[in-house]
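Everything on this sheet refers to the single structure shown next.
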Amino acid sequence: MIKTLQQYKFLSIFIVSIHLVYFLVALYFNGIYTVDSPGYLFQAQNLLKYHSLYAGDLLPPIQNDYFALRPPFYAFFIIACKSIYHSDYSVLFIQNIIAIILILNVLKTASELRVKAKILNFILPICLVFYPAHFVYANTIMSDTIFEVMVFLLFKTTYLFYQNPTLKKALSIGLIIAIALITKPVSILIGLLVCGVMLFIKNYPKIYIAYLLVFPAIAYLSLSFAVQQETGYFQFTSMKSFAAVRCLVKYSAANAYGPDYADSIASAIVSQSEQQATLAQRYQYIDSSCNHFLVNHKMAFLKVYVKGCLTFMFDPGRYDLYKLFNANNDNALGMYQTLQQYGIKATLQFLLGINFWGLLALAILICWNILVVIVFILFLLKTHSPTFLKLLITLFVMYFLLTTGVLGVSRYRIHIYPILLMAILLWANQSNFIKKYLHD
């Protein structure tokens with residue numbers, strides 16, 4: 001890493017400077033919280049004082065959903081940061097350092113893949129400027145930056161394993177997956193994806209895969225048993241059921257019958273679930289009710305799912321920018337919720353309510369996101385990058401695109417943005433247009 005800093009001195013200064021600017025903006029406007037942030041802060045407090053996973057205020061009425069709502073790794077991270085200096089801004093300061101190291105690691109990896117210095121010095125700053133969400137969430141009490149690091153480390157270590165399979169690298173992959181598991185539930189299937197990829201890598205004992213799975217299995221079982229100790233129900237996450245009723249069913253129902261019916265059906269499922277005798281029966285009722293509704297409304301679900309996937313790739317991040325400047329109204333529907341519940345016409349009306357400069361910024365960011373998707377496709381079809389590298393980048397992008405699905409917004413693209421950066425840099429390195437522009 002020191003060699004990278006010396007080799008790309010001015011680019012490194014830019015990377016540090018842009019993170020510092022966003023940190024100072026967050027410091028000034030205090031836009032460092034989302035509606036989810038209190039849950040992480042409460043969980044850190046509850047772990048420290050009561051050894052409880054509860055991601056909320058431990059005052060009656062206790063909501064059992066909150067014991068399995070947030071995996072605890074980020075809460076432990078908050079505890080560690082605040083042990084140095086007891087302030088939420090100490091968490092953000094360290095998150096920024098981690099985010100800087102991540103981007104420098106992307107720079108180092110691209111350099112190792114023989115991306116030219118001219119390309120890196122020209123393309124990387126543009127890519128960073130036009131994706132503010134990376135910096136916004138480095139300055140937010142949320143687990144996204146930590147998870148972004150885990151995903152890139154998993155991607156890079158898997159590629160290094162392909163180049164030279166060793167037991168140490170296999171165990172490293174397993175450890176990264178385990179940490180990712182206890183950071184965000186969306187990673188629950190990524191271990192299987194990586195193991196599936198590793199089955200096709202040659203010239204190493206396949207028993208390595210079994211060793212790899214040890215750490216993720218320990219993480220999954222430990223967290224599930226910890227939840228069982230507090231609730232009596234063996235469960236890894238309650239987020240799946242929560243998202244199913246509040247997002248999958250609600251948005252699908254809104255698409256089929258309108259927003260009023262969507263609110264009533266979601267409320268009815270939750271209300272009926274609370275009448276069940278046990279917590280296990282409550283979740284079984286929610287899951288079965290949601291599955292029954294979605295199976296009987298396949299086209300409505302498909303429509304909102306496709307909308308979510310498109311939003312994942314093209315969302316300009318209005319919420320993220322408004323949050324940074326502490327200008328969000330948490331009681332009002334955002335652009336994404338408006339799209340899913342009320343449709344495109346209502347979304348256009350929403351956009352017309354934004355001031356000119358805000359609208360211009362969103363238009364520029366949408367155009368940039370469209371360009372990123374085009375470049376990603378060109379990278380896959382037109383470059384001579386190693387086949388396995390292309391496959392791995394595609395699998396990671398598609399995994400998060402498809403598992404995020406209906407919930408797709410700009411924030412969730414953070415997790416794969418360093419990998420998309422790799423695709424953009426590798427394409428630019430072979431693009432005749434870019435070479436001509438840079439007189440290379």
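The values are calculated or read from the model by the stated rules, or taken from the named source; none is laboratory data. Since the model is a prediction, treat every value here as computed from it, not as a measurement. For neighbour counting, all protein chains shown are included, and Cβ atoms are generated from backbone atoms with ideal geometry for every residue, glycine included. Side chains included, ligands, DNA and RNA excluded: accessible areas come from the protein's heavy atoms. Shrake-Rupley method; radii C 1.70, N 1.55, O 1.52, S 1.80 Å.
Before moving on, here are some points about what is shown:
- Within segment 203-219, being assigned to a helix (DSSP H, G or I), of a type outside the set (A, V, I, L, M) and surrounded by fewer than 19 Cβ atoms within 10 Å (Cβ to Cβ) holds for one residue alone: Y211.
- Verdict on T166 being buried (at least 19 other Cβ atoms within 10 Å of the Cβ), at negative phi, of a type in the set (S, T, Y) and touching a Phe, Trp or Tyr at 6+ places or on another chain (Cβ under 9 Å): no
- Entry remark, segment 18-48: residues being open to solvent by less than 50 Å² (accessible area, probe 1.4 Å) and part of a helix (DSSP H, G or I) number 14 in total.
- Residues that are surrounded by 13 or more Cβ atoms within 10 Å (Cβ to Cβ) and either farther than 28 Å from Y33 by Cβ or at pLDDT 80 or above (or both) do not occur anywhere in segment 329-341.
- Output for segment 106-124, where each listed residue is of a type outside the set (S, T, Y), open to solvent by 30 Å² or more (accessible area, probe 1.4 Å) and over 11 Å from A428 (Cα atoms): K108, E112, L113, R114, A117, N121
- Residues in segment 266-281 that are free of Cβ contacts under 8 Å to residues at least 12 places away in the same chain, assigned to a helix (DSSP H, G or I) and more than 25 Å from N255 (Cα to Cα): Q281 alone.
- Check on S52, in a helix (DSSP H, G or I), of a type in the set (G, A, S) and at pLDDT 95 or above: no
- Extreme residue, surrounded by the fewest Cβ atoms within 10 Å (Cβ to Cβ), among residues of segment 230-248 that are under 21 Å from the mean Cα position of the chain (by Cα) and among the small types (G, A, S): A243
- Any hit, segment 235-247, residues being at pLDDT 95 or above, assigned to a loop (DSSP other than H, G, I, E, B) and among the β-branched types (V, I, T): no
- Filter result (closer than 19 Å to T34 by Cα and either over 21 Å from the mean Cα position of the chain (by Cα) or open to solvent by less than 40 Å² (accessible area, probe 1.4 Å) (or both)) within segment 83-93: S87, D88, Y89, S90, V91, L92
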